[in-house]
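Below you'll find the structure, written out as structure tokens, and then a few comments.
The values are calculated or read from the model by the stated rules, or taken from the named source; none is laboratory data. What you see is a predicted model; the values in this text were computed from it and never measured. Cβ placement follows ideal geometry from the backbone for every residue including glycine, while neighbour counts extend to all protein chains displayed.
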Amino acid sequence: MAIDDDFDDLVQAGCELFTQYRFTESISAFNRALEMNSNDAEALNNKGYVLMKLGEYGDAMTFFDKAVKAEKGFKPALENLKKVRARLMLDPVPDNGLSFMERMGKIEKFYKKGIRAFERHQFKKALSAFDELLKVSPYDEEAWNDRGLSLGKLGRIREAVQSFERAVALNPEYEVAVSNRRLYTDKPIE
């Protein structure tokens, strides 16, 4: 993806790269944008969100704090600060001996592997990839949701519901997981 040196284009590219699970490139785009405007609340918050997704909670909180200072009371950053604090209260941060770059590489790899397998209806492979991802990033509500979807497709309804419940525990406002939990609790348990 060719990225212009326009601030708004860089912020947009960072968001698009994030949705493609290209976290390294996403952070790079936000870094370039922040070099142009280090006090943009949206860019600070977005970089913090990527870091939060990667389990770098301390760094994420720093960027959320900067976003709130850059734009007093910036609501998205305040909400993300709440999410980080809630996640840190659920479980201690895992010490898996991986550097930030190693963890980021594994998260990208397992997300892509899981999504590709799921799209190809290879649900056992998708489940395996999401399980590996959760070893590296256990606070990832999307990974818990995707794990639940894979389990549901395999007919393992009880386990699917447990995964959706974990996703909702991590982020009670994550409507996709709330909806999936509701959908699967209406199915008979195996």
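So in the stretch 65-107, with the set limited to residues that are of a type outside the set (A, V, I, L, M, F, W, C) and surrounded by 19 or more Cβ atoms within 10 Å (Cβ to Cβ), which one is modelled with the highest pLDDT? Steps first, please.
So in the stretch 65-107, the residues of a type outside the set (A, V, I, L, M, F, W, C) come out as 65-66, 69, 71-73, 75-76, 79-80, 82-83, 85, 87, 91-92, 94-97, 99, 102-103, 105-106.
This time we only want the ones that are surrounded by 19 or more Cβ atoms within 10 Å (Cβ to Cβ), so: 66, 80, 83, 87, 103.
Numbers: K66: 94, N80: 86, K83: 79, R87: 65, R103: 75.
Filtering the stretch 65-107 for residues that are of a type outside the set (A, V, I, L, M, F, W, C) and surrounded by 19 or more Cβ atoms within 10 Å (Cβ to Cβ), the one modelled with the highest pLDDT comes out as K66.
For residues that are in contact with a Leu (Cβ under 8 Å, 6 or more places away or on another chain) and under 21 Å from K106 (Cβ atoms), scanning just the stretch 30-50, find the one that is surrounded by the most Cβ atoms within 10 Å (Cβ to Cβ).
F30
Please go through the stretch 143-158 and pick out each residue that is crowded, with 17+ Cβ neighbours inside 10 Å and part of a helix (DSSP H, G or I). Spell out how you get there, then give the answer.
Initially, the stretch 143-158 is screened for residues crowded, with 17+ Cβ neighbours inside 10 Å, giving 143-152, 156-157.
Hits for the stretch 143-158 are A143, W144, N145, D146, R147, G148, L149, S150, L151, G152, I157.
Are any of the residues in the stretch 120-131 more than 25 Å from M104 (Cα to Cα) and out of contact with any Pro (no Cβ under 6 Å at 6 or more places or on another chain)? Don't jump to the end; show me each part of the working.
The initial filter retains those residues of the stretch 120-131 that are more than 25 Å from M104 (Cα to Cα), namely 121.
Cutting the leftovers down to out of contact with any Pro (no Cβ under 6 Å at 6 or more places or on another chain) gives us 121.
Looking for residues that are more than 25 Å from M104 (Cα to Cα) and out of contact with any Pro (no Cβ under 6 Å at 6 or more places or on another chain), one finds at least one in the stretch 120-131, hence yes.
Evaluate the stretch 167-179: report whether one residue or more is of a type in the set (D, E), in the same structural domain as F123 (by TED's automatic domain parsing), under 16 Å from the mean Cα position of the chain (by Cα) and closer than 27 Å to E56 by Cα. Reasoning before the result, please.
Of the stretch 167-179, the ones of a type in the set (D, E) are 173, 175.
Of the ones still in play, those that are also in the same structural domain as F123 (by TED's automatic domain parsing) are 173, 175.
Narrowing further to those that are under 16 Å from the mean Cα position of the chain (by Cα): 173, 175.
Still in the running and closer than 27 Å to E56 by Cα: 173, 175.
Among the residues of the stretch 167-179, at least one is of a type in the set (D, E), in the same structural domain as F123 (by TED's automatic domain parsing), under 16 Å from the mean Cα position of the chain (by Cα) and closer than 27 Å to E56 by Cα, which makes the answer yes.
Suppose we keep only residues that are of a type in the set (F, W, Y) and free of Cβ contacts under 8 Å to residues at least 40 places away in the same chain within the stretch 23-52. Which one would you say is nearest to S137 (Cα to Cα)? Talk me through it step by step, then tell me what you get.
Going residue by residue through the stretch 23-52, those that are of a type in the set (F, W, Y) are 23, 30, 49.
Still in the running and free of Cβ contacts under 8 Å to residues at least 40 places away in the same chain: 30, 49.
Details: F30: 22, Y49: 14 Å.
This residue is Y49.
Restricting to the stretch 1-19, give me the number of residues that are more than 13 Å from K53 (Cβ to Cβ) and either at pLDDT 85 or above or β-branched (V, I, T) (or both).
If we filter the stretch 1-19 for residues that are more than 13 Å from K53 (Cβ to Cβ), which is where we start, we get 1-13, 16.
Filter again for either at pLDDT 85 or above or β-branched (V, I, T) (or both), leaving 3, 6-13, 16.
Count: 10.
Just to be sure I understand the filter: pairs with C-beta atoms under 6 Å, separated by 6 or more residues or on different chains, first member in the stretch 60-80 and free of Cβ contacts under 8 Å to residues at least 24 places away in the same chain, second member polar (S, T, N, Q) and buried (at least 21 other Cβ atoms within 10 Å of the Cβ). Which pairs pass?
The qualifying pairs are F64/N80.
Check off (1) in contact (Cβ under 8 Å) with a residue 12 or more places away in the chain; (2) assigned to a helix (DSSP H, G or I); (3) within 20 Å of G114 (Cα to Cα) for Y184 and give me the number that stays unchecked.
Among (1) in contact (Cβ under 8 Å) with a residue 12 or more places away in the chain; (2) assigned to a helix (DSSP H, G or I); (3) within 20 Å of G114 (Cα to Cα), the lone unmet condition for Y184 is (3).
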